[in-house]
C-alpha cells in the first residue's frame, strides 16, 4: 500500500499502490497533496527522525539555565553540521536577520519568503541533478516546460539517436522526476526506445521547470561552497526589495558571507541581454562590486562569460562555473 499524508490537516491514510506519485484531494480538508510509495515515505521519515534526534541531543547537552531564545544565533549560521539537502533551519527569521539589517541600513525595504530556502522538499535535489548534467538533460527540461505552457498532458522523449550513456542518464532522471512526484506518471517504452512523462499541473512544479530550477541550483551551489569553506552565511531566494525611489526588484539569490560581504545572483535560462542595463543600475543602487553581482546564464560558454564580464561591470557565469566564480571571490 502507498501512503497519503495531508500537509494541511495532517490526515494519514493508506492508498493503493496504483496512486503512488499522483496528487489526490484530502477527504478531510480537500487539500491536494501527493501519494508516496511506502518505502520512499519511510526513508524520508527516518531522515527527519535522525535529524530531530541529533538536535535533541544537542539541546540536552546545552546549559539548562539558558533559554531557547538566548540560544538563537544573532549571527549568520555556521553550516558545518547541517544536511543542506534536507533542512528547514534556513527558513527562519533568525537566518534572514543579517540580510534584513543589511538592506535596512541602506533605507531599502525588504520582504523575504522564508519557505523559499526550505530544502526539505525535492526542488533542490532535482535542480542539482539538472545543473550537474544540463547538456544532456536540457531536452527533458525544455520539453516539459514547453508542454506545460501549451497545456499538454504529457511529453515524450525519444532516446533512439542518443549515445547509450546519455539515454541512460535521461531515463534515470525521468524516473527521479516520477519518484519525487514532479511527473504524475513515467512510462519507459523499450520497444520504441522512448520515455513518456505524464505532467504535473501544480503551480510550484510549473514554475520550477519555467526557470526556477536555476535559482535552486544557484542557491545550493552557494550553500555547498560556504559549507566546504567553513563560511558563515545568510541566504535568501526570491527576495523582494523596494528602493527609496520606489523601484521594486526581485533578487533571485542573495547572500551575505561572514555577515557583511554581499553576493547577488540573477538567474537566466533564456534571453538575458535586454536585462543587462537594468542589473547594472541595480548593482550601483545596492553598492555591490561588479564581481559580487553575478549573472548566471545557462548554456553560456566560458569564453563568452569572460568576455561579457570584461565588457560590463558585472560577473557572468554559467551553471557549471558559478561555484568557481564564488571561490575566486573569497
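The values are calculated or read from the model by the stated rules, or taken from the named source; none is laboratory data. Bear in mind the structure is a predicted one, so any value in this text is a computation, not a measurement. A quick note on method: Cβ atoms are made from the backbone with ideal geometry, for glycine too, and the neighbour counts reach across all protein chains shown.
Of the conditions (1) more than 22 Å from the chain's Cα centre (by Cα); (2) closer than 28 Å to residue 265 by Cβ, residue 222 clears all except one; give me its number.
Of everything listed in (1) more than 22 Å from the chain's Cα centre (by Cα); (2) closer than 28 Å to residue 265 by Cβ, residue 222 misses just condition (1).
Of the residues 236, 315, only one is closer than 22 Å to residue 88 by Cα and buried (at least 20 other Cβ atoms within 10 Å of the Cβ); which?
Residue meeting the stated conditions: 236.
Every residue, every condition in (1) under 30 Å from residue 243 (Cβ atoms); (2) part of a loop (DSSP other than H, G, I, E, B); (3) modelled with pLDDT under 95; (4) in contact with a strand residue (DSSP E or B) (Cβ under 8 Å, 6 or more places away or on another chain), yes or no:
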site	(1), (2), (3), (4)
73	yes, yes, yes, no
96	yes, no, yes, yes
101	yes, no, yes, no
120	no, yes, yes, no
138	no, no, no, no
